Structure formats: structure tokens, C-alpha cells
Amino acid sequence: MNAAYAVGMTSPQIGLLGLAIGLVIGIGLVVLILWAFRARAQAAEQSSTQVPQGTVDVLDSMDDAACVIDASGLVLAISHAAARFGIEPGSTIDNTELRQLVRTVRTTSASITETMRITRPGVSLDPRSVSARASALGARLTLLIIRDVTEQERLEQVRRDFVANTSHELKTPVGAVSLLAEAIESAADDPAQVRIFASRISAEAERLGNLTGRIMSLSRLQAADGVADFDPVPIDEVIATSIEAHGVQADSAGVSLVRGGDRGAFVRGDAQILVEAVSNLIANAIVYSSQNSSVGIGVRVVGDTVEIAVSDQGIGITESDRERIFERFYRADEARSRRTGGTGLGLSIVKHATQRHGGEVRVWSRPGHGSTFTMVLPRIEAPAVDENERKKKKRARKAPLTAPVRIRNGEKA
């Protein structure tokens, strides 16, 4: 029947049938060739150890340490930051934990992230906390990314400590005020006791206000926008204002304030913040000085810097305490600080205020001989001042001070 059917087909029908058969065979051959090329590419990819150009470009633009490692553990390509961890092309990963992470990823073909502490070559005393992520990059390559999170962990720990310390410090005056209020209520019939308790409440309230104000000052200094506008600041006015603010305290403690050094220096910054920093140094020097001693406030221009030094003849600071005195809420002499209402924030404010002005704080101290704190700030040239402004400032300097201050001008600090 088929033969009869074929015999009965016309020539056009036979041509169409041949064309269809040829088309099917052609499509099959194309699919077979494409499959062969794909299989060949996959085989080449599985056996290749060449890093794709796109991956190299990505590595060049990364800020984190990263590298591509082959199946034998050899580093083929790195980012610029990888050298900080001793990772170089043609070398192997020295850290055991990182090598184990790469082996695990090569076995499972899954991306894995682990947090670990590793030591950088040549810096054995500075272990770094890192977040390491390894991912399969083809059949034979592994991408390892190392992100240094040491600073993030430190800032988080500082934040936790600050919250804990602040809560602890605030509890003391708040609890004292609460207890004294109850005492006043129970002693309502005794006016003398009421006055005593009221006086103590006032002292605790002042201490609480002082602590709150310093916490706010420190938070402002540590904020990104803590110091927005910097203007030329005359150091002479900063010193004069700081000394004037502590005249009464110095007289009460039997301590004389001595101003000396260079004049006419200018820095760029926030005058209020600088006054607060210098005031904290003067207040501390008075507190830790004995009667009939002196506190020196000196200014020295050294090249492109201005040094503001506050020296005392007090009890001094031990070497172990010098390493921690700039920590928030740390008190070298706990009993004296409590007695004088110290918050443990003054030197921390000094440090952050100086750093926000592009400077640094130096400390010299010897137990029994006193201490010297020096703020080193970048100096600027004195700005031009018109004649009216100069006369106004001259009249202000001649005006009497609101509080008596014993200052011996011209003496070196």
C-alpha cells in the first residue's frame, strides 16, 4: 500500500517530503554541535584555573581584602587590601581557619560566612576580628572575602560601656535625691534637719546637672556633626575665659593661677568647645593640687602648632592610671573625685575636643611631683581685624572681672 501510495505521489509532494526530512536532520545536527560545544566549554571551565577578567576587575574595585584561590590552595588574584593580611598572588593562605573555610566551601559548593580573629603578619600583638566569606567560583576556584570588623566591634563595645556607665552614674545622685526627699518628709517638724537635707539635695541636684551636661557635651563632640562651623579663635581669649571661670574655685582651694607663654596665637575651631576643654584641665589641676601651690597655664607656638599646657604641683598620676585617664567615667582617685563631685568625663571631653580640632593631647606626670596636660592644635595666621573691633575687644579686656582671680602675668607656666 505504501509503495502504491509513493508511486501515486506527485513530484512536488516528494520534494516537500525530502525537504522536511533534510530539515529534521539539519536541526538534529545543529543541536548535536551546540551540545558538543557546551560540553567542551564546561569541561574547559572545570579544568581551567584562569581567573575571569570580570572577577579581576571586581577585585580591583573592592575595599575589603579578597582573593581567588585554586583547587591546590594557591592564590591567583587579590584585591589591594589583601596585602594587609599577608595575602599575595602565588602564595598560599597562612591562616589555618581560613584554609579550613576554603576547603569546606570547595567540598560543599555552598557559600559560608564565619567570624574569627586572625593575626596579621608582623603584628602579632594586634589580632583583628574579621568576617570571612568563601564562595565557589566555578568548579576549581574559590572566592574569599575578608572584612575587618575590629573597629565596629570596638565601637559597639564602647557604646555598651557608655550606656552601662551612664546608667550607673545617674543612679547615684537620683537615688540620693530620692532618699533625701524621704528624709525631709520624715523630719518635717525639725527645721534644722530640713535645711541640712535640703542643702544636700541641692548639692546632688547640682552634681546631676553637671553630669548630664557633660554627657551631652561628650555626645555632641562624638557626633558626626558635633562641630559644624570653624572660625578663627584667639587662644588668649580662650585662656582668659577659662581662668576667669575658675577664679573662685582656685581661691577657695588656696591655689594661684599663673598665666604665661606666647601671646597672639590663633587656631581654627569652636571657641566654646576649646574653653570647655581648657576649663576641664584647669579644674582638674586645682582639685588635685595642695594649698599654697600654683597651677600654670602656658601657651607656646611651635612651628605650625599651638601648645596649651596646664601644669600642677599636685599628687601626680601613676603609670597604670595614665593609660586609662582619658576613658569615660574613669577616675584615678575615686575618693577625691566623689568628694569634689567629679564625673570622670572631663579628660574624655578634653581628648575628643582636641581631636575634633585636628590636634592631640599629651600627658607628663610623676607621682608626688604633679602633672602637665598639653593640648597641641594646628595654628593659623591671625585674621585681619578692623579698628573698631580691636578697640571693642581692648575695652572688654580692661573691664573688671566678675570674680577675683590671682594671676601673675608674664610668668612662665
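Before moving on, here are some points about what is shown:
- Note on the stretch 295-321: among residues that are crowded, with 19+ Cβ neighbours inside 10 Å and of a type in the set (S, T, N, Q), the one that is farthest from residue 370 (Cα to Cα) is 311.
- Looking across the stretch 76-102, just one residue is touching a Ser or Thr at 6+ places or on another chain (Cβ under 9 Å) and loosely packed, with under 14 Cβ neighbours inside 10 Å, and that is 92.
- Under the condition of being modelled with pLDDT of 65 or more, outside any helix (DSSP H, G or I) and farther than 15 Å from residue 269 by Cα, the residues counted in the stretch 203-255 number 3.
- Residues that are farther than 9 Å from residue 146 by Cβ and of a type outside the set (Ser, Thr, Tyr), drawn from the stretch 85-97: 86, 88, 89, 90, 93, 94, 95, 97
- Residues (at pLDDT 85 or above and not β-branched (Val, Ile, Thr)) located in the stretch 129-151: 129, 131, 132, 133, 134, 135, 136, 141, 143, 144, 147, 148
- Of the criteria (1) assigned to a helix (DSSP H, G or I); (2) at pLDDT 85 or above; (3) more than 21 Å from the chain's Cα centre (by Cα), which one residue 351 fails: (3)
- Options 389, 360: the member that is modelled with pLDDT under 80 and of a type outside the set (A, V, I, L, M, F, W, C): 389
The values are calculated or read from the model by the stated rules, or taken from the named source; none is laboratory data. These numbers come from a predicted model, not from an experiment. Virtual Cβ from ideal backbone geometry, glycine too; neighbours counted across all protein chains shown.
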